[in-house]
Amino acid sequence: MQYRSTKISSANTTISDTGGLFYGILIVGASGVSTSNNIKIYDATSAIAAKQISEFVVAVGSTIYRGFNINCTTGIRVECAAWTNLEVYVLHCWGVMYA
């Protein structure tokens, strides 16, 4: 099985993965990042509160890694209200990304 890290740094993004296996997330909040906006992870391709998998607090100068080992055959959606000075990396098996 092939693994991939997808970088998200400018827009809410859906990662649709043919294997549906998502292993973890790395969040890097550089100086100047908006701390009032959290990273939200949703199941499937729509941001429906009932399908929220997790939410991570963004802090200035922080690096957060969380493993979640989930199987979402329809993919996951990564959202944040402000992407300035913020990078998110999602570790998953090989798939396709849609912005």
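If packing is taken as the average number of other Cβ atoms within 10 Å across a peptide's residues, how do 78-84, 21-27, 61-67 rank, most packed first?
Details: 78-84: 16.7, 21-27: 19.0, 61-67: 12.1.
Highest mean packing first, the order is 21-27, 78-84, 61-67.
Using a basic spin-label model with each label point 7 Å from the Cα along Cα→Cβ, how many nm lie between N85 and K51?
With each label point 7 Å from Cα toward Cβ, the separation is 3.3 nm.
Give me, ordered by chain and number, the residues 5 or more places off G24 or on other chains with an amide H under 5 Å from its own placed amide H.
Amide H neighbours of G24, under 5 Å, 5+ apart: F68, N69, L91.
Give the long-range amide H neighbours of G75: residues separated by 5 or more places, or on another chain, with amide H under 5 Å away, using H modelled in the peptide plane at 1.01 Å from N.
Close amide H contacts, sequence-distant or interchain: D17, A44.
Check S62: other-chain or 5+ apart residues with amide H under 5 Å from its amide H, H built from backbone geometry?
Result for S62 returns G29.
Just so you know, all these numbers are worked out from the coordinates, no wet-lab data involved. What you are looking at is a predicted structure, and each value in this text was computed from that prediction instead of being measured. Cβ: placed from backbone, ideal geometry, glycine included. Neighbour counts: every protein chain shown.
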